[in-house]
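Trainee: Before we start, here is the structure in question, set down as structure tokens.
The values are calculated or read from the model by the stated rules, or taken from the named source; none is laboratory data. Since we're looking at a predicted model, the values are computed, not measured. A quick note on method: Cβ atoms are made from the backbone with ideal geometry, for glycine too, and the neighbour counts reach across all protein chains shown.
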Amino acid sequence: MRAIKTKKDGTKILLFLIPALLIYLLFMVIPMIGAIFFSTSEWNGIKGSPINFVGLKNYISVFQSSAFILSLKNMGRMVFFSVLFHTPIALLLAVAINAKFKGYRFFKAVFFVPTIFPLTAVGLLWYFIFMPNGSLNHLLTSIGLESVVTSWLINPSTAINTIIFVNIWAGIGYYMVILLAGLTTIPNEVYEAASIDGASSFKKFFHVTIPMLKPIISMCILMDIIGTIKVFDLIFVMTEGGPNGLTNLPTTLMYYEAFRYDNYGAGSAIGVIILLIALVLTLGSKWIMKKTEA
């Protein structure tokens, strides 16, 4: 009787899983297989045109491209600064808001609001702020800082750093809410015991809060790495990879190769490389985190 019930439960679970699995298969697995196939082929994307197998030629040409190497450096830089600032700032904000000072709900909403909007809208907002005659330069001029005024998104020395700043700004609220939810799971008794032992707020933060939030902090870092590797909207809206391709990321190069230059083979090869980089960085980060927890 128990075996029959277990079998029925298993069937019900499977029925609920099938729609999600079909969607995952249709929109994730099949496109991934297609990308791997086209990455070893030469095709211009026109229906009926020949698809020629070229082996690893696309991968070789991609890695020989100085534009792609620069895009990898930009991606590495963006991932580094995102991980460096997103979670630490979000954690400090979460701890401050969790203290429930007067007006904390207002600040919670203010920091979370940017995450509601798509990155395209965020990019457009900051584009109008950073454009040569935008509000930032007007503000700097009005307070007597004309020497600081520059074309933030056109100047090669500031363009990529400006986009990195916007990416950090846009994500802080999201990770703050996740960490805030984690803080609510820490029992007050733990803090009370630490207070009885004479621990200061500083010691409580480093010896109670951070250790108990380690799994959530690790999850935030992993999500941050994957999310930053996939960034496309900000670059496309704010600079389109300019000036002279200096702000391109692998994601934007992938798009341009496939849809501007009709080189679907190179575009697919870049897509596969992005997938492998995300996989390696994710697994590497998980391994490092396990080592530090051990």
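Trainee: For the range 88-109, does any single residue satisfy the condition of being closer than 21 Å to G242 by Cβ and surrounded by fewer than 18 Cβ atoms within 10 Å (Cβ to Cβ)? Please lay out each step first, then the result.
Mentor: Here is the first cut: in the range 88-109, the ones closer than 21 Å to G242 by Cβ are none.
No, there is no match, as no residue in the range 88-109 is closer than 21 Å to G242 by Cβ and surrounded by fewer than 18 Cβ atoms within 10 Å (Cβ to Cβ).
Trainee: Would you confirm whether any residue within the range 263-280 is in a loop (DSSP other than H, G, I, E, B) and in contact with a helix residue (DSSP H, G or I) (Cβ under 6 Å, 6 or more places away or on another chain)?
Mentor: Of all residues in the range 263-280, those in a loop (DSSP other than H, G, I, E, B) come to 263.
Right, trim to in contact with a helix residue (DSSP H, G or I) (Cβ under 6 Å, 6 or more places away or on another chain) and you get 263.
Among the residues of the range 263-280, at least one is in a loop (DSSP other than H, G, I, E, B) and in contact with a helix residue (DSSP H, G or I) (Cβ under 6 Å, 6 or more places away or on another chain), which makes the answer yes.
Trainee: Something else now. So D262 fits all but one of (1) more than 25 Å from N161 (Cα to Cα); (2) free of Cβ contacts under 8 Å to residues at least 60 places away in the same chain; (3) charged (D, E, K, R); what number is the exception?
Mentor: That leaves (2) as the condition not met.
Trainee: Kindly check whether there is at least one residue in the range 86-101 that is within 31 Å of the chain's Cα centre (by Cα), of a type in the set (K, R) and modelled with pLDDT under 85. Working first, answer last.
Mentor: From the range 86-101, those within 31 Å of the chain's Cα centre (by Cα) are 86-101; that's our starting set.
Then drop every residue that is not of a type in the set (K, R), which leaves 100.
From what's left, modelled with pLDDT under 85: 100.
Looking for residues that are within 31 Å of the chain's Cα centre (by Cα), of a type in the set (K, R) and modelled with pLDDT under 85, one finds at least one in the range 86-101, hence yes.
Trainee: Give just the number: which of (1) surrounded by fewer than 16 Cβ atoms within 10 Å (Cβ to Cβ); (2) part of a helix (DSSP H, G or I); (3) not aromatic (F, W, Y) does I221 not satisfy?
Mentor: Exception for I221: condition (1).
Trainee: In the range 179-199, which residues are hydrophobic (A, V, I, L, M, F, W, C) and either touching a residue at least 60 places away in the same chain (Cβ under 8 Å) or buried (at least 16 other Cβ atoms within 10 Å of the Cβ) (or both)?
Mentor: Our first condition is that a residue be hydrophobic (A, V, I, L, M, F, W, C); within the range 179-199, this holds for 179-181, 183, 186, 190, 193-194, 196, 199.
Answer for the range 179-199, where residues must be hydrophobic (A, V, I, L, M, F, W, C) and either touching a residue at least 60 places away in the same chain (Cβ under 8 Å) or buried (at least 16 other Cβ atoms within 10 Å of the Cβ) (or both): L179, L180, L183, A194, A199.
Trainee: From F206, F202, F236, which residue is buried (at least 16 other Cβ atoms within 10 Å of the Cβ), of a type in the set (F, W, Y) and closer than 29 Å to F80 by Cβ?
Mentor: Numbers: F206 fails: buried (at least 16 other Cβ atoms within 10 Å of the Cβ); F202 fails: buried (at least 16 other Cβ atoms within 10 Å of the Cβ).
Checking each option against the conditions leaves just F236.
Trainee: Still on this structure, please answer the following. From the set of residues in the range 257-294 that are under 21 Å from the mean Cα position of the chain (by Cα), of a type in the set (S, T, N, Q) and surrounded by 17 or more Cβ atoms within 10 Å (Cβ to Cβ), which is farthest from I69 (Cα to Cα)?
Mentor: Here the residue is S285.
The rows are residues; the columns are (1) among the charged types (D, E, K, R); (2) over 30 Å from L179 (Cβ atoms).
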{"position": "F68", "(1), (2)": "no, yes"}
{"position": "R77", "(1), (2)": "yes, no"}
{"position": "P88", "(1), (2)": "no, no"}
{"position": "L92", "(1), (2)": "no, no"}
{"position": "V95", "(1), (2)": "no, no"}
{"position": "K100", "(1), (2)": "yes, no"}
{"position": "I143", "(1), (2)": "no, yes"}
{"position": "S147", "(1), (2)": "no, yes"}
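Trainee: Pull up the range 25-49, narrow it to residues that are of a type in the set (S, T, Y) and at pLDDT 90 or above, then point me to the one that is nearest to the chain's Cα centre (by Cα).
Mentor: We begin by selecting, within the range 25-49, every residue of a type in the set (S, T, Y); these are 39-41, 49.
Then drop every residue that is not at pLDDT 90 or above, which leaves 39-41.
Values: S39: 24, T40: 28, S41: 30 Å.
Going through the qualifying residues, I end up with S39.
Trainee: Select, from M254, M176, the only residue that is touching a Lys or Arg at 6+ places or on another chain (Cβ under 9 Å), crowded, with 18+ Cβ neighbours inside 10 Å and either part of a loop (DSSP other than H, G, I, E, B) or of a type outside the set (D, E) (or both).
Mentor: Numbers: M254 fails: touching a Lys or Arg at 6+ places or on another chain (Cβ under 9 Å).
Within the list M254, M176, the selection yields M176.
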